[in-house]
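Notes follow the structure.
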Amino acid sequence: MNRRMLTKDDEATAGDEVEVRREDQDKINKFSRLHQRELGFQEALKSKNKEKEELDDVTMELELADEDEKVPYKIGDAFFHIPLSQAQEMLAESTSRIEEEVSELEDKIGSTKEEMQQLKVELYARFGRSINLET
């Protein structure tokens, strides 16, 4: 443990405990909920990006396949043998859907971060160094 002497400024501010009002506690709780929501969005984004990467890999593999052969395509829990052109169309649709979902998640993360930043400004203005909101 690192111990040190308090400076004159620290001594002066040590007695200046700021009372936590109900509205302050509500803001702190909201910040916490937003942070948890952001973590969930980031986890979902990571999953969607991985899924998109896998779809891109499959698309590259299908470009090398023979056009006359049927390829297995997973729908739900079952695999169906479909023509290559149909599989490529379905992959393109899946990729565009995933890209839209990634874009939506990025927008949600951005708006959540903006809201968290606003709460940080308000709470740091009220409590100064007495509160730690770094995530």
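Computed quantities for the displayed model
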read-out	value
Between helix 84-127 and the chain: long-axis angle, C-alpha atoms, 0 to 90°, nearest 10	0 degrees
Helix 22-63 vs. the chain, principal-axis angle (Cα, 0 to 90°, nearest 10)	20 degrees
The chain, dipole about Cα centre (Lys/Arg Cβ +1, Asp/Glu Cβ -1), debye to the nearest 20	1260 debye
Intensity falloff of the chain expressed as log10 I(q)/I(0), Debye formula with alpha-carbon point scatterers, at q = 0.18 Å⁻¹	-1.02
Calculated FRET value between Phe80 and Glu43, using beta carbons and R₀ = 35 Å, to 0.05	0.70
Gained length - Ser111 relative to Glu69, 0.36 nm times residue gap less alpha-carbon distance	10.4 nm
Which listed pairs, of Lys30/Lys52; Lys50/Lys108; Lys52/Lys108; Lys46/Lys70; Lys46/Lys74, have C-alpha distances above 28 Å, in listed order	Lys30/Lys52; Lys46/Lys70
The chain: relative contact order in percent, alpha carbon pairs under 8 Å with at least 6 residues between	32 percent
Potential extension, Asp24-Ala92 segment - 0.36 nm per residue separation minus Cα distance	19.6 nm
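Rule-based calculations on the coordinates, nothing more; no lab input. These numbers come from a predicted model, not from an experiment. Because the Cβ atoms are built from the backbone with ideal geometry, glycine has one as well, and the counts that use them run over all protein chains shown.
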